[in-house]
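The values are calculated or read from the model by the stated rules, or taken from the named source; none is laboratory data. Keep in mind that what you see is a predicted model, and the values were worked out from it rather than measured. FYI the Cβ positions are ideal-geometry reconstructions off the backbone, even for glycines, and counts take in every protein chain you see. Ligands, DNA and RNA are excluded from the accessible area calculation, which covers all protein heavy atoms including side chains. Shrake-Rupley method; radii C 1.70, N 1.55, O 1.52, S 1.80 Å.
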Amino acid sequence: MSDPVFSRLSSGRAPVPSQIDTSVPSIARVYDYLLGGKDHYEADRQSCRTMLEAVPETPLLAKANRAFLRRAVRYLVGEAGVRQLVDIGSGLPTAGNVHEVAQRIDPEVRVLYTDNDPIVLAHGRALLPADETTGLIQADLRDPDAIFDDPETRRLIDPDQPFAVLLGGILMHLEAEEDPDGVAARIRDRLPSGGYLMASNTCDTGEPHARDLARAFAEGGMGSNCFRTREQQLHYFDGLELIEPGLVPNNQWRPDEDFPDPQNPAHALHIGAIGRKP
Ligand SMILES: C[S@@+](CC[C@H](N)C(=O)[O-])C[C@H]1O[C@@H](n2cnc3c(N)ncnc32)[C@H](O)[C@@H]1O
C-alpha cells in the first residue's frame, strides 16, 4: 500500500518518492514506535510486538540509544567544541533532534541529516528546517563517498574543519558482506584531525537475549540487526582516541539526565562510544 500523502510536499522542494510501502515494516518507523512517536503503521507495530515478545526491554534500549545520541551531541558541541555534525541514519524527526540539541548550545552549528528511508526524507523535509545551518539528503551509509561529496553536504560541512559523524544505531544494520568495518574506515578517512566518530550498536553479549532479539528483528521483516561483540565493534574506532568512558552500554556513557531503569541488565545489549581523530 503506498501513501500518496508523501508524493509531493507543499514546500516546493524536490518531490519525495511517491511509493512508500506502509505494508512493510521500516526500521525508522519501528524505532519511532519504540520511542513513543506517532509515525508508524500496523506492519511496524506488528514487528515491534515480535521483538517485545523476545525481549520486553526493547523500548528501553531504543530510548537509551536516543538519550546517548543527545548526550553525545551535547559533549561534541558543548565540550569538544565541534561546530559541524553529519548524522547518518538520522531516523524520523523526533523530540530532541540533533540540530535542536546542538543549536541550543550554539545556533551556528551546522547539521547534515541523511537516511536511506524515503519516509525519513518526506517527514524531514516537512518538519526540519532547510536553511543555512541544517540540511537533509537521502543517501546510503554503504556509500560514504556519495554522502560526503553530495552538494548539500559540501554546502554545510567544511571538510577541512573538524566535524563529527554520528552513526547512531545504524552499522548494526549492515551485513558482514556489506563490510561495516570498511564503511567505518572510509568514514574515518574523511575526518580531519580533530574530527569525531560516534557509533552505537546492538551488542552480542553471548547471552540468549541477544540472539533472541536478533532473530525477532529478522522475523519482524526489517532486514538485519547484526549483534556484534564489543571487541568486533572496537574496530569501528581504529586509529581514533576513545573518549572516556570508552565503548560501554549506552546508558553508562556519561549519564547526565534522569533515565528510567538504569540498572536493568538489558542495557548491556546496546553499546556506544565516541572516538577522536588525533
Ligand atoms: C535505529 S534508527 C537510529 C536513528 C538515530 N540515528 C538514533 O540513533 O536515534 C536507524 C536508522 O538508520 C537508517 N538506515 C538503516 N540502514 C541504512 C543505510 N544503509 N543507509 C542509510 N540509513 C540507513 C534507518 O532508516 C533508520 O532511520
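Listed here are the residues, each with its yes/no results for (1) more than 14 Å from the ligand (Cβ to nearest atom); (2) β-branched (Val, Ile, Thr); (3) farther than 25 Å from Ala28 by Cβ; (4) touching a residue at least 40 places away in the same chain (Cβ under 8 Å).
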residue	(1), (2), (3), (4)
Cys226	no, no, no, yes
Pro245	yes, no, yes, no
Asp256	yes, no, yes, yes
Lys277	yes, no, yes, yes
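Within the range 250-273, the only residue that satisfies the criterion of being part of a helix (DSSP H, G or I), touching a Cys at 6+ places or on another chain (Cβ under 9 Å) and open to solvent by 10 Å² or more (accessible area, probe 1.4 Å) is Ala268.
Conditions (1) under 17 Å from the mean Cα position of the chain (by Cα); (2) closer than 30 Å to Pro56 by Cα, marked per residue:
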position	(1), (2)
Pro118	yes, yes
Leu141	yes, yes
Asp158	no, no
Val165	yes, no
Pro180	yes, yes
Asn201	yes, yes
Pro208	no, yes
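Only one entry in Glu132, Glu53, Glu42 is surrounded by fewer than 19 Cβ atoms within 10 Å (Cβ to Cβ), within 20 Å of Thr153 (Cβ to Cβ) and over 15 Å from the mean Cα position of the chain (by Cα), namely Glu132. In the range 101-112, what residues are touching a helix residue (DSSP H, G or I) at 6+ places or on another chain (Cβ under 8 Å), in a helix (DSSP H, G or I) and open to solvent by 10 Å² or more (accessible area, probe 1.4 Å)? Result: Ile105, single match.
Every residue, every condition in (1) open to solvent by 10 Å² or more (accessible area, probe 1.4 Å); (2) among the aliphatic types (A, V, I, L, M); (3) within 14 Å of the ligand (Cβ to nearest atom), yes or no:
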position	(1), (2), (3)
Ala80	yes, yes, no
Gln84	yes, no, no
Asp87	no, no, yes
Pro93	yes, no, yes
Asn97	yes, no, yes
Thr114	no, no, yes
Val120	no, yes, yes
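Of all residues being open to solvent by 20 Å² or more (accessible area, probe 1.4 Å) and part of a loop (DSSP other than H, G, I, E, B) in the range 167-191, which is nearest to the ligand (Cβ to nearest atom)? Just the residue, please. Selected residue: Ile170. Number of residues in the range 122-154 that are assigned to a strand (DSSP E or B) and either within 13 Å of the ligand (Cβ to nearest atom) or among the hydroxyl-bearing types (Ser, Thr, Tyr) (or both) equals 4.
Can you tell me which residues in the range 155-166 are in a strand (DSSP E or B) and either among the small types (Gly, Ala, Ser) or away from the ligand (no atom under 13 Å from the Cβ) (or both)?
Ala164
Among residues of the range 194-209 that are farther than 18 Å from Pro249 by Cβ, those with a beta-carbon under 8 Å from a residue that is among the aromatic types (Phe, Trp, Tyr) at least six positions away or on a different chain give the pairs Gly195/Phe163; Tyr196/Phe163; Leu197/Tyr236; Leu197/Phe237.
Only one of Leu136, Leu121, Leu127, Leu141 is over 28 Å from Leu247 (Cα atoms), without any contact (Cβ under 8 Å) to a residue 60 or more places away in the chain and touching a strand residue (DSSP E or B) at 6+ places or on another chain (Cβ under 8 Å); which? After applying the criteria, what remains is Leu136.
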